[in-house]
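For reference, the structure discussed in these notes is given below.
The values are calculated or read from the model by the stated rules, or taken from the named source; none is laboratory data. Keep in mind that this is a model prediction, so the values were computed, not measured. Neighbour counts are summed over all protein chains in view; Cβ atoms, including those assigned to glycine, are modelled from backbone coordinates with ideal geometry.
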Amino acid sequence: MSIENRAEAVAKNVEGKLQEAVSEITGSTKDKAEGQAKQEKAAAMHAIEDAKDAVKDTM
């Protein structure tokens, strides 16, 4: 498990949530979409790290 990669994923998720929250205030559909995309990217990053951990656990 890479702590740095996990931390980057958490930061990306927080950034996405914040951007999506701001979009609710401003009404910007572009910011909402970008915020959701960042959250999806963070979820993918976590899934990759989970897969790496699973492979390491089998060795």
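Could you tell me whether region 18-33 includes any residue that is touching a Ser or Thr at 6+ places or on another chain (Cβ under 6 Å) and either free of Cβ contacts under 8 Å to residues at least 60 places away in the same chain or among the charged types (D, E, K, R) (or both)?
Yes; the residues of region 18-33 include at least one that is touching a Ser or Thr at 6+ places or on another chain (Cβ under 6 Å) and either free of Cβ contacts under 8 Å to residues at least 60 places away in the same chain or among the charged types (D, E, K, R) (or both).
Can you tell me which residue within region 1-40, out of those that are under 8 Å from the mean Cα position of the chain (by Cα) and of a type in the set (A, V, I, L, M), is nearest to Ala54 (Cα to Cα)?
Ala9
I'd like to check something: does region 35-58 contain any residue that is hydroxyl-bearing (Ser, Thr, Tyr) and at pLDDT 95 or above?
no
State the number of residues belonging to region 1-43 that are part of a helix (DSSP H, G or I) and either loosely packed, with under 11 Cβ neighbours inside 10 Å or of a type in the set (S, T, N, Q) (or both).
Residues that pass the stated criteria total 13.
Could you list, in sequence order, all residues of region 4-22 that are in contact with an Asp or Glu (Cβ under 9 Å, 6 or more places away or on another chain) and farther than 12 Å from Ala37 by Cβ?
Passing the criteria: Asn5, Arg6, Ala9, Val22.
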